[in-house]
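This report concerns only the one structure given below.
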Amino acid sequence: MKVLYVDEVRTIGELLKSRLSPARRTARDGTRYELHITDDYEAARGMLLDPDLYDVVIIETSTGGRPSSIARDIIESLNGKRTITIILTSLPSLPDCIESMRRGAWDYIGKLHSIDQITQQLTESIDRAYEKRPANCADPDALYVDRNFRKLAERHPGRWIAVGDGRFLDAAETYEKLVSQVAQIPVPQPKFWRMPPRSDD
Amino acid sequence: MELRTRSWGLEIRRPREQRFADRGVPMVEMWASGPKCLFTRLTGVVDSGSKLTFIPARTAVLLGFPKPAAQGMQRMNAVGGPIDFTTARVQFRLPLRDRPSVTFYLDVGISAQINHALFGNDLLRYFRILVGPDEVFFLADEHRGGTAEP
């Protein structure tokens with residue numbers, strides 16, 4: 001499980017890293033925790049443009065100034081995505097907690113206890129997220145293909161299909177051909193599926 | 001003797017996960033999703049020699065499948081002894097930077113007797129697999145090219 005820790009002060013991140021180091025803990029998905037630390041909020045925002053890079057983002061929001069505003073942007077941009085966002089703040093307050101959750105944070109944890117207790121709170125929160133994440137985090141394109149799998153597989157055996165905005169876009173014999181066909185369709189992030197060939201092919 | 005040269009319209013490179021280097025088998029990271037369509041990172045052995053792709057039961061539960069029940073289990077002989085499993089359809093995704101990601105379906109075996117996902121020969125329905133020392137190549141859309149004399 002890949003975790004990004006964003007905080008102007010790296011100390012807590014380094015301590016968390018040592019507590020979550022591979023020899024000590026296994027994450028809920030059966031992989032080891034890999035914690036990456038950054039003190040650059042702008043860089044973190046850039047890294048999180050790739051939705052597949054991190055499973056969890058732990059972010060300190062009580063820095064004030066520009067980092068705080070970037071932190072809010074990050075939380076909003078990850079709202080409804082599969083990446084889990086957890087606020088870890090040294091200045092916890094009820095209004096800030098409510099505001100953060102409204103923006104899309106999964107959990108809100110204060111830096112009020114020992115590092116072992118904070119680690120425990122974080123791992124429990126991540127576990128809960130894996131069990132209870134709402135269905136609106138699901139990939140709408142994958143849902144579309146899943147619900148229409150039989151029909152799509154019959155119509156396009158062994159072919160590539162493009163899906164975007166939760167609907168079928170186009171199909172082609174090759175990936176490259178489909179890329180050029182889909183370039184004409186104004187959908188921001190189409191995804192491609194390779195349909196299974198007929199079993200006798 | 002004639003050798004046919006091959007080229008591929010799509011070549012997806014995935015790094016071999018170095019944290020498993022001591023095991024000696026090629027392991028790569030993909031994404032998988034079950035009925036909830038929530039994609040989760042998954043690491044598995046490619047070129048496992050297995051006929052079928054297998055995922056551990058705990059991963060299947062994470063993807064949203066029910067815990068495998070004793071009823072309806074199938075059995076397959078493996079090197080380490082028989083494996084009991086149930087089957088389910090899983091979506092696997094290979095992310096591509098700046099290009100549309102590639103997703104495909106496999107009917108996988110779910111077993112409590114394995115600890116890591118094993119990609120089987122069923123993957124060859126979609127890709128040719130080339131294992132290098134640092135990377136694994138997933139090749140698709142073969143162009144049948146010219147011929148070469150050895």
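The values are calculated or read from the model by the stated rules, or taken from the named source; none is laboratory data. Remember, it's a predicted structure, so these values are computed and weren't measured experimentally. Here the Cβ positions follow ideal geometry from the backbone for every residue, glycine too, while neighbour counts run over all protein chains shown. With ligands, DNA and RNA removed, areas are computed over all heavy atoms of the protein, side chains included. Shrake-Rupley method; radii C 1.70, N 1.55, O 1.52, S 1.80 Å.
Cβ separations smaller than 8 Å between residues 6+ apart or across chains give the following pairs from the stretch A:34-51 residues that are farther than 18 Å from A:Thr63 by Cβ and at pLDDT 90 or above to residues that are open to solvent by less than 40 Å² (accessible area, probe 1.4 Å) and in a loop (DSSP other than H, G, I, E, B): A:Leu35/A:Leu20; A:His36/A:Tyr54.
Checking each residue in the stretch A:170-201 for being assigned to a strand (DSSP E or B) and open to solvent by 20 Å² or more (accessible area, probe 1.4 Å) picks out A:Asp170, A:Lys191, A:Arg194. Here A:Ser68 meets the list (1) in a helix (DSSP H, G or I); (2) within 14 Å of chain B (Cβ to nearest Cβ); (3) small (Gly, Ala, Ser) almost entirely, failing just condition (2). Close contacts from the stretch B:72-99, counting a first residue that is free of Cβ contacts under 8 Å to residues at least 40 places away in the same chain and within 10 Å of another protein chain (Cβ to nearest Cβ) and a second that is assigned to a strand (DSSP E or B) and open to solvent by 40 Å² or more (accessible area, probe 1.4 Å), with Cβ to Cβ under 8 Å and a gap of 6+ residues or different chains, come to B:Arg89/B:Asp107.
One residue stands out in the stretch A:71-97 among those that are more than 14 Å from chain B (Cβ to nearest Cβ) and small (Gly, Ala, Ser): the one that is surrounded by the fewest Cβ atoms within 10 Å (Cβ to Cβ), namely A:Ser93. Listed conditions (1) part of a helix (DSSP H, G or I); (2) touching a Lys or Arg at 6+ places or on another chain (Cβ under 8 Å); (3) surrounded by 13 or more Cβ atoms within 10 Å (Cβ to Cβ); (4) more than 9 Å from every other protein chain (Cβ to nearest Cβ) are all met by A:Arg128, apart from (2).
Where residues in the stretch B:13-46 are open to solvent by 60 Å² or more (accessible area, probe 1.4 Å) and closer than 26 Å to A:Ala142 by Cα, which of them is modelled with the highest pLDDT? So, considering only residues that are open to solvent by 60 Å² or more (accessible area, probe 1.4 Å) and closer than 26 Å to A:Ala142 by Cα, the one modelled with the highest pLDDT is B:Arg13. For B:Asn115, the conditions (1) farther than 26 Å from A:His156 by Cα; (2) away from chain A (no Cβ under 13 Å); (3) open to solvent by 40 Å² or more (accessible area, probe 1.4 Å) are fulfilled apart from (2).
Checking each residue of the stretch A:98-105 against the condition of being closer than 22 Å to A:Pro190 by Cβ and buried (at least 20 other Cβ atoms within 10 Å of the Cβ) gives no match. Test each condition in (1) part of a helix (DSSP H, G or I); (2) within 10 Å of chain B (Cβ to nearest Cβ) for A:Gly158 and report the one that comes out false. So the condition that A:Gly158 fails would be (1). From the list A:Asp127, A:Asp165, the one residue that fits, being within 22 Å of the chain's Cα centre (by Cα) and in contact (Cβ under 8 Å) with a residue 60 or more places away in the chain, is A:Asp127. Note on the stretch B:70-105: among residues that are among the polar types (S, T, N, Q) and under 21 Å from B:Gly49 (Cα atoms), the one that is least open to solvent (accessible area, probe 1.4 Å) is B:Gln91.
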